[in-house]
Amino acid sequence: MSLTRRAVGALALALLGAPAGAQAPDRIDHDQRGRGTAVAIGGGLKSDNDAIYGRLIAAAGGKGGRWVVFGTASENATASADGVVQQFAQRGVKAVALPVSPLLKDRLVDAAVRDPALVAQVRAAQGVYFTGGAQARIVDAFAPGGLPSPLLRAIWDVYRAGGVVAGTSAGAAIMSSTMFRDAPDVLGAMKGQLREGREVGAGLGFMGTRLFVDQHFLKRGRIGRLLPLMQAKGYTLGLGVEENSAAVLNGDTVEVIGSALLVDLSEARSDVTQGAFNVDNARVSLLDSGDSFHLGTGRMTPSDAKRKGQVFDATAPGFKPYHEVQPFHVDMLGDNVISGAMGKLIDGAFSEVRGIAFHPQPAAGDARGALGFEFILKKGPGSIGWATDAGGGEDYSVRDLRLQVRPIRMAQPLYTPWAR
């Protein structure tokens, strides 16, 4: 039997968890999400974040809802899960930790994901929570060999029936159909280190096949790894969730609690002749608490509070920007640099902001040690921002800036002494 090139590609994408193609009958269709709510928490969730915990509890039916917690990703699965159970208990909610981890010596993980008692506990729950750690441990445990275990099928049944599946950090990474298994070096990803089964692999897909999700996003400059993965896997929508923040998906609407960055590549293009990663005309939006976007259209909508606040539109008569001096950023992948640049641009007297990213001390023998990247943020048609006095005036929501990333050659050495 021979397959057409298209059929082979569709099969490969399905097996890798990429957003295309029909899946085999023994696999879970990630686009059949039913009435469930998926919550991706960007990591670093603080114990006093009642906005996120409150949303989780409400989505699972209030204080009467029952939760199961998996510490599978953690080095210490028991302690990690127990910590989350305690947070729910302090809010009057019943939660129980279930022992599923490849690191538990007294309980084999292969047996745990097939244990009828654990499956029954999941089916009796209204909420499922995955803690942080190494996301590969979650996927390898719940979908060994790429096939769903009985425990994973039970979670999907709860989800489709209207339950909640939530996760923080590693637990957020598994939410899309494709995830980073291990990609600690953001610039390495930009330089092409995106190996299947190493840095990249299949996720569990609770947010469907149209949206790619990443975490610890603004703090760790992870737009540098999100863009090449989206490009390589054919995603048009990507969402980077910041620490102590959450993205809540119900139906086709994603609402943000905290902050997140939305990337839309539907009109983007790249030039293969440049010999390195590049992208032009990507649309980027900065979302603040209460802001949302629609999966079908990618359209970002500011919160009611933002719409009632100050509007930043360079095309509007009488627009008076606050920032007069055009910034230049020497580390565009630094802690919250991209979000700060977006805020300054939308409230600035200039039309673009530039910055660079590079390895200041490339590894010996690195053939691409001189490779860096220039980031160019621009205002374009439809670029607009909002802020409220309640947020201190600098917690911007920004819609539809344009982003270009192009490869550059850095000097080696980067600098030399002034005196000769």
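The values are calculated or read from the model by the stated rules, or taken from the named source; none is laboratory data. This structure is a prediction, so every number in the text was calculated from the model and none was measured. Methodologically, a virtual Cβ is constructed for each residue, glycine included, from the backbone with ideal geometry; neighbour enumeration extends over all protein chains shown.
Restricting attention to the stretch 350-372, the residues that are touching a strand residue (DSSP E or B) at 6+ places or on another chain (Cβ under 7 Å), under 30 Å from GLY385 (Cβ atoms) and of a type outside the set (Asp, Glu) total 8.
Residue-by-condition table, conditions (1) in a loop (DSSP other than H, G, I, E, B); (2) modelled with pLDDT under 95; (3) of a type in the set (A, V, I, L, M):
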{"site": "GLN32", "(1), (2), (3)": "yes, no, no"}
{"site": "ALA38", "(1), (2), (3)": "no, no, yes"}
{"site": "GLY54", "(1), (2), (3)": "no, no, no"}
{"site": "ILE57", "(1), (2), (3)": "no, no, yes"}
{"site": "ALA73", "(1), (2), (3)": "yes, no, yes"}
{"site": "SER80", "(1), (2), (3)": "no, no, no"}
{"site": "ALA97", "(1), (2), (3)": "no, no, yes"}
{"site": "SER101", "(1), (2), (3)": "yes, no, no"}
{"site": "ALA117", "(1), (2), (3)": "no, no, yes"}
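Among the residues of the stretch 119-132, the one identified as more than 18 Å from GLN87 (Cα to Cα) and in a loop (DSSP other than H, G, I, E, B) is ALA124. Taking the listed residues GLY83, GLY65, the one that is buried (at least 17 other Cβ atoms within 10 Å of the Cβ) and more than 19 Å from the chain's Cα centre (by Cα) is GLY65, with no other qualifying. The single residue among ASP400, ASP366 that is without any contact (Cβ under 8 Å) to a residue 40 or more places away in the chain and within 27 Å of MET190 (Cα to Cα) turns out to be ASP366. For the stretch 297-318, the count of residues that are without any contact (Cβ under 8 Å) to a residue 60 or more places away in the chain and touching a helix residue (DSSP H, G or I) at 6+ places or on another chain (Cβ under 7 Å) is zero.
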